[in-house]
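**Q** Can you keep this structure in mind? I'll have questions shortly.
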Amino acid sequence: MAAGYRFTQFVPEETTEKGFEPLLKIFLQLITLTAGDVAEAMSWMSELDKQYKLTDDRYGLGDFFEDLKKNGYIDDKGPDGQFNLQAKGEQRIRKSALEEIFGKLKKGGRGNHATPKTGIGDEPSADRREFRFGDAPEQIELTESIRNAQIAHGLSEDFFLTENDLEVTEREHKTQTSTVLMIDISHSMILYGEDRITPAKKVAMALAELVKIKYPKDNLDIIVFGNDAWQISVKDLPYLMVGPYHTNTVAGLELAMDLLRRRKTSNKQIFMITDGKPTCLKEGLKYYKNSFGLDRKVVNKTLNLAAQCRRLHIPITTFMIASDPYLQEFVEEFTQVNNGQAYYSSLKGLGNLVFRDYGRNKKKRM
């Protein structure tokens, strides 16, 4: 009897996951939206549970909340017993953002940016070539070299290998990069019913986790700018909120340049995530503000800093999450003066663009 196929009735498996991990994924999204407010995030989860039945009789939100405390994601050491995120929770949020935006990445080797330079480098490439004076012995491919000798001299008892038979593997140089990520926290980042600050936070957290995992030798500084600019640490990102601020791009660029000036790396760059035009300058103790159109006084100062960055070989990549034609005109002029790059991104595509541009940095100044 010939072998064949036996068909049975298909019974689909239960697709709705229950338990701690599925709820944790939702909680991490909500805690980012609520700027680290645990109580508000749990309140939203309760509403979602009513609507979508996230829990069942075996595992409820009360169980989930106790597991958050037991597993070290939150504690109740805040004022009046307020619940706060712990370091483990902050790290899990960054990891979640990395997986959401960039996919699951594994740590690979020394984790630096590749350069077009080859020779005595840091990591082997897929390219091979003939042996040259100065090549390291460990670069020699013995199998390929022996095969070359057999082809050139034939198979005999008196086997010999010459310098011309040697084949080596090219090695790529790696380079260290210093990056400053500027995030606009002006009021326009939540105007018109569109939340632009949350995607910006997620991108920053994912980029920070990426640098830690894949490019551990790189430097990443994060600054925010509104009426003024100041540096924040990675652990502050989940709690980042917009304020009643104008957009002082000049202050952000000045701080970014100051941070990069202290770095001793060859490659330096600025990433700027913004949704609007520069509208503010600080003159002494006072602020000069103008939200109506493109103020020439503010724009000129901004363009002057873009030109200064170009002279210092600091490219600026602008991620504009707005599509107004007059804003695009400003960004194009700003980019041309700096000789940098600009992207007009939707909120959904912002992370992929940042990752692609960061990974594209392959130049090494010799």
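The values are calculated or read from the model by the stated rules, or taken from the named source; none is laboratory data. This one's a predicted model, so the numbers in the text were calculated from it and none came from an experiment. Virtual Cβ from ideal backbone geometry, glycine too; neighbours counted across all protein chains shown. The accessibility values were calculated without ligands, DNA or RNA, using every heavy atom of the protein model including side chains. Shrake-Rupley method; radii C 1.70, N 1.55, O 1.52, S 1.80 Å.
**Q** For the subset of segment 192-233 comprising residues that are in contact with a Gly (Cβ under 6 Å, 6 or more places away or on another chain) and open to solvent by 10 Å² or more (accessible area, probe 1.4 Å), which member is farthest from K286 (Cα to Cα)?
**A** K214
**Q** For segment 282-302, how many residues are over 21 Å from D324 (Cα atoms), in contact with an Asp or Glu (Cβ under 9 Å, 6 or more places away or on another chain) and free of Cβ contacts under 8 Å to residues at least 40 places away in the same chain?
**A** 1
**Q** Since A342 meets every condition but one in (1) at pLDDT below 75; (2) among the aliphatic types (A, V, I, L, M); (3) touching an Asp or Glu at 6+ places or on another chain (Cβ under 8 Å), which condition does it not meet?
**A** Only one criterion in (1) at pLDDT below 75; (2) among the aliphatic types (A, V, I, L, M); (3) touching an Asp or Glu at 6+ places or on another chain (Cβ under 8 Å) is unmet by A342, namely (1).
**Q** If we scan segment 259-277, do we find a residue that is touching a helix residue (DSSP H, G or I) at 6+ places or on another chain (Cβ under 9 Å), surrounded by fewer than 19 Cβ atoms within 10 Å (Cβ to Cβ) and of a type outside the set (K, R)?
**A** no
**Q** Here's another thing I want to ask about it. Cβ-Cβ below 6 Å, separation at least six or inter-chain, first residue in segment 61-81 and assigned by the TED database to the domain that holds A41, second hydrophobic (A, V, I, L, M, F, W, C) and part of a helix (DSSP H, G or I): which pairs?
**A** Hits for this filter: F64/L23; D67/F20; I74/V38; I74/L68.
**Q** Quick one: how many residues across segment 208-224 are closer than 17 Å to R263 by Cβ, more than 12 Å from the chain's Cα centre (by Cα) and modelled with pLDDT of 95 or more?
**A** Going through segment 208-224 one residue at a time, the tally reaches 1.
Residues checked against (1) part of a strand (DSSP E or B); (2) in contact (Cβ under 8 Å) with a residue 24 or more places away in the chain; (3) open to solvent by less than 60 Å² (accessible area, probe 1.4 Å):
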residue	(1), (2), (3)
E144	no, no, yes
R147	no, no, no
A152	no, no, no
E157	no, no, no
F160	no, no, no
V168	yes, yes, yes
I190	no, yes, no
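**Q** Condition (residue is at positive phi and surrounded by fewer than 16 Cβ atoms within 10 Å (Cβ to Cβ)) applied to segment 311-322: is it met by at least one residue?
**A** Among the residues of segment 311-322, at least one is at positive phi and surrounded by fewer than 16 Cβ atoms within 10 Å (Cβ to Cβ), which makes the answer yes.
**Q** Just to be sure, is E333 open to solvent by 90 Å² or more (accessible area, probe 1.4 Å) and of a type outside the set (K, R)?
**A** It is false that E333 is open to solvent by 90 Å² or more (accessible area, probe 1.4 Å) and of a type outside the set (K, R).
**Q** Can you tell me which residues in segment 176-188 are closer than 13 Å to G226 by Cβ, surrounded by 23 or more Cβ atoms within 10 Å (Cβ to Cβ) and among the polar types (S, T, N, Q)?
**A** S186 - this is the single residue of segment 176-188 that is closer than 13 Å to G226 by Cβ, surrounded by 23 or more Cβ atoms within 10 Å (Cβ to Cβ) and among the polar types (S, T, N, Q).
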